[in-house]
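Bear in mind that the values in this text are calculations on the coordinates, not laboratory data. As the structure is a computational prediction, the values presented were derived from the model and not from experiment. Every residue, glycine among them, receives a Cβ derived from its backbone with ideal geometry; neighbour counts consider all protein chains shown.
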Amino acid sequence: MASTYTTNSGIEKIGTGEQSGSWGNTTNINFDIIDRAMSGVGTITLSGTTHTLTTSDGSASEGHYKVLILGGSPSGTNTITINPNDQGKMYVVYNGSGQTATFTQGSGGNVSIANGKYGIIFADGAGAGAKVYGVDFDLLADTSPQLGGDLDLNSNNITGTGNVNITGTITASGALTSGAIDAGSASITTTGTVNAATVDLGNWTVTESAGVLYFATGGTNKMKLDASGNLTVVGNVTAYGTV
């Protein structure tokens, strides 16, 4: 019985009684393929605008690598075709080629990885209609990140000394701490403490400095309240009760 090959990696399955005297060589190649498929790191040199990432039956090829490091000097966005189109594949990719790399396997859909970015891609091996799926590591470029549960900061800062710009509602049972909190037209609901050097309320900002609260509008302080309870205002004081 002649050899056959595994569906996704092309590992040779030697037929019974076949390859007398050369069985060991075939087995060693199979081990090389398995090694690449499990944890192999391969540098893929790109040129022009197309590249075929081939997995060959019974031969260690670049399509077998688990991790792909894209290099070379492509002349523009490079379309990388995963071949053959009936093999399921999963790759960890780093694109250092200087150009965007677009992975395709069939007409079902492609995934692009920008220069300097990482990604995980999965090709479903569905033949002519095969689709490539992707997981993007670039959270900064994700304009709508979502959590499936609570975000536990473990007492760490979420923005350091930057600003938190809110278009929705923040509800907290602990403390919110930041250099500035810009609530805009949104709301902050907390049963804990909001610690901020400056709170931007839209038309007004409230700033604490050396124990004094300053209330400003249009960039000009209009009122201040010191730690002794002294209140100073720029304009008139109108009372609707007893002063």
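For this structure, a couple of remarks:
- Positive-end residue of 70, 14, 128, charge dipole of the stretch 4-136 with Cβ unit charges: 70
- Panel order for 117, 89, by other beta carbons found within 10 Å of each beta carbon, from fewest to most: 117, 89.
- Counting DSSP beta bridges with both ends in the stretch 4-136, the antiparallel % (nearest 5): 40
- Listed residues 34, 193, 95: farthest to the positive end of the dipole of the chain (Cβ charges): 193
- In order through the stretch 40-49: 3J(HN,Hα) via Karplus (6.51 cos²θ - 1.76 cosθ + 1.60), integer Hz, x for Gly, Pro: x, 10, x, 8, 9, 8, 9, 8, x, 10
- Relative contact order of the chain, pairs being alpha-carbon contacts under 8 Å that are 6 or more residues apart, as %: 9
- Amide H to amide H, with H built 1.01 Å from N, residue 43 comes under 5 Å of 69, counting only residues 5 or more places away or on other chains.
- Likely footprinting exposure, 35, 124, fewest C-beta neighbours within 10 Å first: 35, 124
- Spin-label model distance (nm) - residue 69 vs residue 242, 7 Å beyond Cα toward Cβ: 8.1
- Rounded to 5, percent antiparallel among DSSP beta bridges of the chain: 50
- Here the dipole of the stretch 4-136 is about 300 debye; that uses its Cα centre as origin and unit charges on the Cβ of Lys and Arg (positive) and Asp and Glu (negative).
- Computed about its Cα centre, the charge dipole of the chain is approximately 340 debye, with only Lys, Arg, Asp and Glu carrying charge at their Cβ.
- Proximal lysines relative to residue 117, as straight alpha-carbon distance under 23 Å, when same-chain residues fewer than 8 apart are discounted: 66, 89, 131
- Across the chain, the convex hull enclosing all Cα atoms gives 217 Å³ per residue.
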